[in-house]
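Worksheet: one structure, shown below.
The values are calculated or read from the model by the stated rules, or taken from the named source; none is laboratory data. For clarity, every value in this text was computed on a predicted model and none was experimentally measured. Methodologically, a virtual Cβ is constructed for each residue, glycine included, from the backbone with ideal geometry; neighbour enumeration extends over all protein chains shown.
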Amino acid sequence: MVYHANYLKFCERARSELFFSKGLSPAINNAHFVVKHIEADFIRSAKLGDLLEVKHELVELKNASLKLLQTIWLEDVKIFQITSVLAFVKEGKPLRIDESTKEFMKRTLC
């Protein structure tokens, strides 16, 4: 069985990899997205050695935050889902997401 905290790690790594695969850093002009709130549903268990796929969907995009739905699939079976609210911050304070970053999010996550 896969330990429950690992599903969160898988989603975090997949989010970072999404940026890296597009040639971007998760930090944008010394600002970055931080998790403000999460809701997780553990639907089924995975086993060590299972090949899992993480999918992303942008649910909502606001001026200084976004809501992201991530699902983990084992073949064609959804086994985990997490809805995260991510705040865009710089030096610990909310920062307006610039238009180019918003467009990137829309193109990449929709």
| task | Return the total of residues in region 14-41 being farther than 23 Å from GLU99 by Cβ and surrounded by 13 or more Cβ atoms within 10 Å (Cβ to Cβ). | result | 4
| Considering region 80-109 alone, what residues qualify as being of a type in the set (A, V, I, L, M), without any contact (Cβ under 8 Å) to a residue 60 or more places away in the chain and assigned to a strand (DSSP E or B)? | VAL85, LEU86, ALA87, VAL89
| message | Here is a check on your reading of the model: is GLU60 in a strand (DSSP E or B) and either under 10 Å from the mean Cα position of the chain (by Cα) or surrounded by fewer than 13 Cβ atoms within 10 Å (Cβ to Cβ) (or both)? | response | yes
| task | Go through the residues of region 11-25 one by one and say whether even a single one is modelled with pLDDT of 90 or more and assigned to a loop (DSSP other than H, G, I, E, B). | result | no
| Out of region 1-60, which residues are in contact (Cβ under 8 Å) with a residue 60 or more places away in the chain and closer than 19 Å to LEU109 by Cα? | LEU8, PHE10, CYS11, LEU18, LYS22, LEU24, ILE28
